[in-house]
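Peer 1: Below is one structure. I have some questions about it.
Derivation of every value follows stated rules applied to the coordinates shown; laboratory data play no part. On a predicted model such as this, the values are computed, not experimentally measured, just so you know. Glycine gets a Cβ as well: all are built from the backbone with ideal geometry, and neighbour counts include every protein chain shown.
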Amino acid sequence: MGGMPIAIGGGGGIGLLVLVVAMALLGVNPLEGGGGGGVGAVDSVAECRTGADANERQECRVVGTVNSIQAYWESAFRDYREAETVVFTQSTQSGCGFASAQVGPFYCPRDETIYLDLGFFDQLESRLGARGGPFAEAYVLAHEYGHHVQNILGVLDRARSGATGPSSQAVRVELQADCYAGVWAGNAVSTGFLEEPTEEDIAVALDAAAAVGDDRIQERTQGQVSPETWTHGSSAQRQEWFTRGYRSGDPNSCNTFGG
């Protein structure tokens, strides 16, 4: 409902992913010793079994989306190995160090895990100006799993550089992850977890990609654009590479390092 229906595919529902839930979700902040809410108890995630669950509840939609993303990469990439998804609130400890909700979703190559505070999706709309919605959330998750694919392929190791700017290695890494997100979107229906994305779904994903462009964020936060400091790419670049991946449906179209 509301943009990205998740179908019951392959006869197995959406309970295939083992969703690792950080202690903060249980009301105990493992770093500060405090309590503080959450998106639901662990049992609520365990109850995510059907497409109806995913359409009604955000945490179940995350499970269904991640299952779809991993199912696609397992079929497309012989050496693919699954990554875990950790949902947390406020803060948690990752293999890459301390993580707070302020850093946004990220992939840690050391423990091959995606870390996500669901509150980021609200910030995507309220602070970054995106339209939001189910397929905006799917774009974010697919982008982070794109980094996992890069890690398996050795791209992250080869592209380490302190340089910034529109043509930097850092930007090329991020744009390739955007392209991989588009590739998944173009193949999502084949995984059996999602129905065919509509034109509106893709428009929402492109809107989210634009909202997290370096130029858009700089305009909103500092009132001017400084291309020499870019690390993720402009709104136009991010939209362009997501679109390229979506239209081709082929990971080989995502060579952002070739030009």
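Peer 1: Please report, ordered by residue number, the strands (runs of 3 or more DSSP E) entirely within region 40-125 with at least 2 residues that are buried (at least 17 other Cβ atoms within 10 Å of the Cβ). Outline the logic, then answer.
Peer 2: Working: elements: 84-87, 91-94, 97-100, 106-108, 113-116.
The qualifying strands (runs of 3 or more DSSP E) are 84-87, 91-94, 106-108, 113-116.
Peer 1: In addition: Out of everything in region 208-254 that is assigned to a loop (DSSP other than H, G, I, E, B), touching a residue at least 24 places away in the same chain (Cβ under 8 Å) and not hydroxyl-bearing (Ser, Thr, Tyr), what residue ends up being surrounded by the fewest Cβ atoms within 10 Å (Cβ to Cβ)?
Peer 2: Of the residues in region 208-254, the ones assigned to a loop (DSSP other than H, G, I, E, B) are 212-213, 223-226, 230-234, 249-250, 254.
Okay, now just the ones that are also touching a residue at least 24 places away in the same chain (Cβ under 8 Å), so 212-213, 230-234, 249-250, 254.
Next, from what is left, pick out any that are not hydroxyl-bearing (Ser, Thr, Tyr): 212-213, 230, 232-233, 249-250, 254.
Details: VAL212: 21, GLY213: 22, TRP230: 23, HIS232: 21, GLY233: 28, GLY249: 17, ASP250: 14, CYS254: 24.
Here the answer is ASP250.
Peer 1: Oh, and also: Condition first: touching a residue at least 40 places away in the same chain (Cβ under 8 Å), farther than 14 Å from ARG247 by Cβ and either among the charged types (D, E, K, R) or in contact with a His (Cβ under 6 Å, 6 or more places away or on another chain) (or both). Now tell me which residues in region 168-191 satisfy that.
Peer 2: ARG172, GLU174
Peer 1: Also, I was wondering about something else. Which residues, counting only those in region 226-253, are among the basic types (Lys, Arg) and either under 18 Å from GLY213 (Cα atoms) or touching a Lys or Arg at 6+ places or on another chain (Cβ under 8 Å) (or both)?
Peer 2: Looking only at region 226-253, we keep the residues that are among the basic types (Lys, Arg), and these are 238, 244, 247.
The answer is ARG238, ARG244.
Peer 1: Take the residues in region 126-181 that are among the charged types (D, E, K, R) and assigned to a loop (DSSP other than H, G, I, E, B); name whichever of them is nearest to LEU206 (Cα to Cα).
Peer 2: So in region 126-181, the residues among the charged types (D, E, K, R) come out as 127, 131, 137, 144, 157-158, 160, 172, 174, 178.
Subsequent filtering for residues that are assigned to a loop (DSSP other than H, G, I, E, B) retains 127, 131, 160.
Values: ARG127: 17, ARG131: 10, ARG160: 27 Å.
Taking the candidates together, the pick is ARG131.
Peer 1: Of the conditions (1) of a type outside the set (Lys, Arg); (2) in contact with a Lys or Arg (Cβ under 8 Å, 6 or more places away or on another chain); (3) under 19 Å from GLY186 (Cα atoms), GLU112 clears all except one; give me its number.
Peer 2: Going through the list (1) of a type outside the set (Lys, Arg); (2) in contact with a Lys or Arg (Cβ under 8 Å, 6 or more places away or on another chain); (3) under 19 Å from GLY186 (Cα atoms), GLU112 breaks only (3).
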